[in-house]
1. May I ask for the net charge around residue 82, where only other residues with Cβ less than 9 Å from the Cβ of residue 82 are counted and Lys, Arg are +1 while Asp, Glu are -1?
2. Express in nm, to one decimal, how much length is gained between residue 57 and residue 125 on full extension, taking 0.36 nm for each residue of separation and deducting their alpha carbon distance.
3. If we count every other residue with Cβ under 13 angstrom of residue 159's Cβ, Lys/Arg +1 and Asp/Glu -1, where does the sum land?
4. Under unit Cβ charges (Lys, Arg +1; Asp, Glu -1), what dipole magnitude, rounded to 20 debye, does the chain have relative to its Cα centre?
5. Can you give the translational diffusion coefficient of region 34-138 in µm²/s, computed by Stokes-Einstein from the Kirkwood radius over Cα pairs at 37 °C and 0.692 mPa s?
6. Between region 1-74 and region 116-172, what's the alpha-carbon centroid distance in Å?
7. Among 184, 149, 19, pick out the residue whose Cα is farthest towards the positive end of the charge dipole of the chain, where Lys and Arg carry +1 and Asp and Glu carry -1 on C-beta, about the Cα centre.
8. With +1 on each Lys and Arg Cβ and -1 on each Asp and Glu Cβ, and nothing else charged, work out how big the dipole of region 71-190 is about its Cα centre, in Debye to the nearest 20.
Amino acid sequence: MKEAIQHLKRSDPVLSGIIDRVGDYGIEFRDPDFETLVKSIVYQQLSGRVASVIFGRVVKAAGGKLTPGSILKLRPGRMRALGLSGQKTAYIRDLARHTRDGKVDFAELLDLPDEAVIERLTEVKGIGAWTAHMFLIFALRRTDVLPLGDLGIRAAIRKAYGFAELPEAAEMQALAARWRPYCTVASWYLWRSLEPNANL
């Protein structure tokens, strides 16, 4: 990681300042499994506190361990009663079926290139590029992921680089050219520049 941080500091003075201010890199990884992806779906568009409560209820209702089988045993009405929207209930059940049927194979994802992982995951209803990017970063530990649709990253770039508006994808890609092959590390520092105590 030392090499990544040296590269970013050398190639981008603005990011160098953020790195100095934030301090040591300490990303918190998750297991590259079904439960982690269910958690990502639960957390979409919710505050961390609310999502955490709902996720805890789902795990408890599923018998303490989230598996495709334990999810599919829960009736949709029961899942909604735990606090999940009808949409998220459908998404999680679709992921459970894809996993059960071998269309999403978590062991196989470990060896696939980033684009192939995104392609495979976004075949599941409710999993878009953002969720796939989060899985690549926090579960598969890929080092060169730039989550173009992440509001936190866009807000951090706007603030740090003086954009008048939130940057568009093309502007972010142009900026990130100097960060490669360590966009994940740059992204982590950008997140932390806005939220020093974020659970990242």
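1. Values: positive: 57, 60, 78, 80; negative: none.
Local net charge: +4.
2. Working: separation 68, 0.36 × 68 = 24.48 nm, distance 2.22 nm.
Net length gain for the segment: 22.3 nm.
3. Values: positive: 21, 154, 158, 192; negative: 165, 195.
Net local charge, residue 159 excluded: +2.
4. 960
5. On the way: Rh = 13.8 Å.
Taking Rh from Cα pairs, D becomes 238 µm²/s.
6. 13
7. Of the listed residues, the answer is 149.
8. Numbers: 18 positive and 14 negative charges, 155 e Å.
Its charge dipole is roughly 740 debye.
Throughout, read-outs are computed from the coordinates displayed, never taken from laboratory work. Since the structure is predicted, the reported quantities are computational estimates derived from the model, not experimental observations. As a convention, Cβ positions derive from the backbone with ideal geometry for all residues, glycine included, and neighbour counts pool all protein chains shown.
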